[in-house]
1. Take the alpha carbon atoms of segment 62-128, find their center, do the same for segment 41-58, and report the distance between the two centers in whole angstrom.
2. How do 81, 54, 43 stack up against each other in accessible area, from largest to smallest, with a 1.4 angstrom probe?
Amino acid sequence: MTTYGTIPTSSSSSQGPSGEYISRAKDRIRAGLGARRPWKLMFNFWSFNFPSSFHDAFGRVRSNVAYFRMNYAIVVLLILFLSLLWHPISLIVFVVMMAAWLFLYFLRDEPLVLFGKTVDDRVVLIVLAVVTIVLLFLTHATVNILVALLIGVVLVIAHAALRKTDDLPVDEENSALLTTPASSSA
C-alpha cells in the first residue's frame, strides 16, 4: 500500500556513520557539561569561612573537588586558554590537542583498536598527556603554561579549602565523598 504526502523523518541511516558519531559526541558533551554544578552554589558568599584545622581543610578540599570537579576543570582550562592568547601557535596546538582528547579519550564508546589490538585507556591517557605536554612545550610557552596551571591549581585549592561543605546537596553519586571520616564516625 502506498502512502502519499508523508514526509520521512530523519533516520540514523540518512546521516551516515559520521553524522551518527557527531550526534553521539554532542550528547556526550551535553552529559559531561550536565555534571557541572551551578555557579551560584559554587560561589555562594555565605558558604565561605576559614577551616578550623588542617584536617578540616583537607576534608573540604576532598569534598569540594569531588563535588565541583567539572567547574574546577572549566576554571583551570579557561585560565590556561587565557594565558595562551599571547602565543597564537600554542593556542592552536592547545585547541588541536583538546579535539584529540575529546575524540580519542572522552567521547569514545568503544575501546580504541590499533592494528587489530585493543589499546588500554591508561595507555591512551598517558600518550595523550605526554604528546600534549611535549607539543605545548615545543611552542616556547613553557612559562605561560606552568604559571597558568599553578594559578589554576592554587585558585581551586583555595576555593575548595575555604568553601564549607555542609550546605552541599548530597546525591548518591557523591555521598561517600562528601562525608568526612570524622563525621561518619560520630
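The values are calculated or read from the model by the stated rules, or taken from the named source; none is laboratory data. Being a predicted model, the structure only gives us computed values, none of them experimental. Areas reflect the complete protein model, heavy atoms only, side chains present, ligands, DNA and RNA absent. Shrake-Rupley method; radii C 1.70, N 1.55, O 1.52, S 1.80 Å.
1. Measuring centre to centre over Cα atoms gives 29 Å.
2. Working: 81 75, 54 170, 43 115 Å².
Most to least solvent-accessible, the answer reads 54, 43, 81.
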